[in-house]
1. Please pick out the residue among Asn151, Asn111, Asn88, Asn116 that is within 17 Å of Tyr236 (Cα to Cα), in contact (Cβ under 8 Å) with a residue 12 or more places away in the chain and among the polar types (S, T, N, Q).
2. Return the residues of region 214-227 that are at pLDDT below 95 and among the hydrophobic types (A, V, I, L, M, F, W, C); say none if nothing qualifies.
3. Which of the residues spanning region 185-217 are touching a Leu at 6+ places or on another chain (Cβ under 7 Å), within 15 Å of Ala250 (Cα to Cα) and within 12 Å of the ligand (Cβ to nearest atom)?
4. For region 60-84, enumerate the residues that are touching a strand residue (DSSP E or B) at 6+ places or on another chain (Cβ under 7 Å) and surrounded by fewer than 24 Cβ atoms within 10 Å (Cβ to Cβ).
5. Here are some residues: Val82, Val75. Which one is under 21 Å from Ala258 (Cα atoms) and in contact with a Lys or Arg (Cβ under 6 Å, 6 or more places away or on another chain)?
6. Determine if region 178-189 includes at least one residue that is closer than 21 Å to Leu100 by Cβ, hydrophobic (A, V, I, L, M, F, W, C), buried (at least 24 other Cβ atoms within 10 Å of the Cβ) and touching a strand residue (DSSP E or B) at 6+ places or on another chain (Cβ under 7 Å).
7. Within region 163-174, track down each residue that is within 14 Å of the ligand (Cβ to nearest atom) and within 25 Å of the chain's Cα centre (by Cα).
8. How many of the residues in region 99-139 are of a type outside the set (A, V, I, L, M) and assigned to a loop (DSSP other than H, G, I, E, B)?
Amino acid sequence: MTEGKWFIRTALAAAGAVVTMAAAVGTAAAAPPSSDPGDVGVQVVGGTRAAQGEFPWMVRLSMGCGGAMYTESLVLTAAHCVNSTGPNTSITATYGVVDLQSSSAVRRTSNYVYRNPGYSTSAGGDWALIRLSQPITGAALLPIATTSEYNSGTFTIAGWGAATEGGAQQRYLLKAEVPFVSDAECRQSYPSMKTAVEICAGYDQGGVDTCQGDSGGPMFRRDSAGRWIQVGIVSYGRGCARPGYPGVYAEVSALATAIRAAAADLGGNPDPDPDPDPPGDTFENTNNVTIPDAGSAITSDIAVSGLSGNAPSDLQVSVDIRHTYRGDLVVDLIAPDGTAYRLKNSSGSDSADNVIATYTVNASSEAANGTWKLQVRDVYRADTGYIDAWKLVF
Ligand code: ARG
């Protein structure tokens, strides 16, 4: 179809600068009523209210756009939300609240805007960075996708934009989920969409979408480690939530290199992977267990819960066994399924006291949750001791 007509969608400034980008404004047919009769209201278009803290890196910009905290000083938004690159003290960013009128809102003024110099409606690349005059120390950050691996599945969208096509801006942050739409399918709606730098999402039947005022905000999903990752930036659509017209988003992974380069010039990028393997969850048992002399094996239990998946390949097993002749002792770690991992063999010639050591066990084939046991057996006569304490660090 005559796609040329449909671009625009600019934020309608809730306060201030309306950035207009191109052409004709489609006439507002009413958005398909989306089906949420509920009390909370139907929002983003077809969404619901986000909980305070649910998407902590969401930012509302005073020109009537959304954004996401990229670093403590940089907000990632859409190019079409800003006018040009250069010093700019006219934008206020509101952070930390779902309710824009909350007294606990954190506000910052911009001091610089970087607008993707390659951006145009015909080329795509709808991103910009806004630098705050003061960082928001400790702000939650939304990492950006740097590969295409997350350009699929179901995405979350959120913003304070209109909840119906042509509707008012919202006081409370709204959220919704929308499925990925392939480039091929999206091109049927928008023949000139830039498949290399744009990604589409929405239902064939419409009903759920971002809308005016959501621009610049993130479209995101969970990564393979379960963390939120930004895959899109709200850019445009024909109307909002219309059947056959998904939302079009700047494709973050395709733009990530340029975003990183710009951020480096503006003061820096986020830590690459702040905490890939978060500080180990530790489980400990400090109850003493007597080790019978030349007797049968005894065990001490640790019940592990609250973890997901398997134990790591570098499970740390720290043991503190008090004994007057450690060569007497055979020590095993018993996984919840009964598999034994030998930590230490006996040795008639090792006459030293105590076993105070940390062993690394490849336990990656074991479920993390369950009861783990430290099993100790004294295989020679004469000396005695006890398990003083032991712990597992996942
Ligand atoms: N450009 C719009 C804005 O400024 C967002 C449009 C998104 N439209 C859509 N149908 N997904 O807020």
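The values are calculated or read from the model by the stated rules, or taken from the named source; none is laboratory data. None of the values given here were measured: they were computed from a predicted structure. Ideal geometry is used to build each Cβ from the backbone, glycine not excepted, and the neighbour counts take in all protein chains shown.
1. On the way: Asn151 fails: within 17 Å of Tyr236 (Cα to Cα); Asn111 fails: within 17 Å of Tyr236 (Cα to Cα); Asn88 fails: within 17 Å of Tyr236 (Cα to Cα).
The conditions single out Asn116.
2. First pass over region 214-227, keeping only residues at pLDDT below 95: 222-227.
The one that is at pLDDT below 95 and among the hydrophobic types (A, V, I, L, M, F, W, C): Ala225.
3. Taking region 185-217 as the starting set, the residues that turn out to be touching a Leu at 6+ places or on another chain (Cβ under 7 Å) are 197, 212-213, 216.
Next, only the ones that are within 15 Å of Ala250 (Cα to Cα) stay: 197, 216.
Residue satisfying the conditions is Gly216 alone.
4. Passing the criteria: Ser62, Ser73, Ser84.
5. Numbers: Val75 fails: in contact with a Lys or Arg (Cβ under 6 Å, 6 or more places away or on another chain).
Residue meeting the stated conditions: Val82.
6. Step one: of region 178-189, the residues closer than 21 Å to Leu100 by Cβ are none.
The answer is no, given that none of the residues of region 178-189 is closer than 21 Å to Leu100 by Cβ, hydrophobic (A, V, I, L, M, F, W, C), buried (at least 24 other Cβ atoms within 10 Å of the Cβ) and touching a strand residue (DSSP E or B) at 6+ places or on another chain (Cβ under 7 Å).
7. Our first condition is that a residue be within 14 Å of the ligand (Cβ to nearest atom); within region 163-174, this holds for 163-170, 174.
Once the filter is applied, which keeps residues that are within 14 Å of the ligand (Cβ to nearest atom) and within 25 Å of the chain's Cα centre (by Cα), region 163-174 yields Ala163, Gln170, Leu174.
8. Going through region 99-139, the residues of a type outside the set (A, V, I, L, M) turn out to be 99, 101-104, 107-112, 114-122, 124-127, 131, 133-135, 137-138.
Applying the additional criterion that residues be assigned to a loop (DSSP other than H, G, I, E, B) yields 101-104, 116-119, 121-122, 125-127, 133-135, 137-138.
The total comes to 18.
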